[in-house]
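Have a look at the structure below, then the notes.
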Amino acid sequence: MTSKSTRDPWTVSAPDYGRSLRGFGVNFLVADMRRSIAFAESVLQAKPVYWNEDFAVIRAGAAEWMLHADHTYSDNPLQGFVSGIDGRGAGAEFHLYDLDPDDAEARARAAGHTILAGCLNKPHGLRECYILDPDGYCWVISRPMTDEEVKELG
């Protein structure tokens, strides 16, 4: 791994953090860590638990995911696969529940991010919007619909 970090190290060691992970996890390869952190904070209303130029742990509600800068994946097989590709998560959707999609869409539009689909009430009981982050990953922001919204769908 190539490191570009100039920030203080995280108080949790990499082996300790790795051994703490359970269940399902998501890692995003990102071209620009600061740009990706800014998207997570401004559009997704997420907070970095820790970040540096190489790595970040991001949390929004009960969801937690990791960002890895491209340069840290120099020996990883995915590096050659995603290098120079826009829309790195082609075919994948990353759902963030319990965040108001109308507000997220407004923040994304204001910041110039791509909106794949504006907010709609869906038959499965969620109000959703689809937003691309700076690396082309598709985030589906949703909240449960109210009883009135469900009735309006008929």
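Structure summary
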| quantity | calculated |
| --- | --- |
| Check on Gln45, at pLDDT 95 or above and of a type in the set (S, T, N, Q) | yes |
| Only listed residue being within 13 Å of the chain's Cα centre (by Cα) and at pLDDT below 80, chosen from Gly89, Gly136, Gly80 | Gly89 |
| Test: residue in the stretch 100-109 that is more than 17 Å from Ala38 (Cβ to Cβ) and in contact (Cβ under 8 Å) with a residue 40 or more places away in the chain | yes |
| Subset of the stretch 84-120 (residues that are more than 12 Å from Gly136 (Cβ to Cβ) and open to solvent by less than 40 Å² (accessible area, probe 1.4 Å)) | Leu96, Leu99, Pro101, Ala104, Glu105, Ala108, Ile115, Ala117, Gly118, Cys119 |
| Residue match in the stretch 100-109 (condition: touching a helix residue (DSSP H, G or I) at 6+ places or on another chain (Cβ under 7 Å) and at pLDDT below 95) | no |
| Identity of the residue in the stretch 38-63, assigned to a loop (DSSP other than H, G, I, E, B) and of a type in the set (S, T, N, Q), that ends up most open to solvent (accessible area, probe 1.4 Å) | Gln45 |
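Rundown of residues vs (1) among the aliphatic types (A, V, I, L, M); (2) more than 27 Å from Phe24 (Cα to Cα); (3) out of contact with any Cys (no Cβ under 7 Å at 6 or more places or on another chain), yes/no style:
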site	(1), (2), (3)
His95	no, no, yes
Leu99	yes, no, yes
Glu105	no, no, no
Ala111	yes, yes, yes
Lys122	no, no, yes
Arg127	no, no, no
Trp139	no, no, yes
Arg143	no, no, yes
Glu148	no, yes, yes
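The values are calculated or read from the model by the stated rules, or taken from the named source; none is laboratory data. No experiment lies behind these values; they were computed from the predicted model shown. Every residue, glycine among them, receives a Cβ derived from its backbone with ideal geometry; neighbour counts consider all protein chains shown. Note: areas computed on protein heavy atoms with side chains; ligands, DNA, RNA excluded. Shrake-Rupley method; radii C 1.70, N 1.55, O 1.52, S 1.80 Å.
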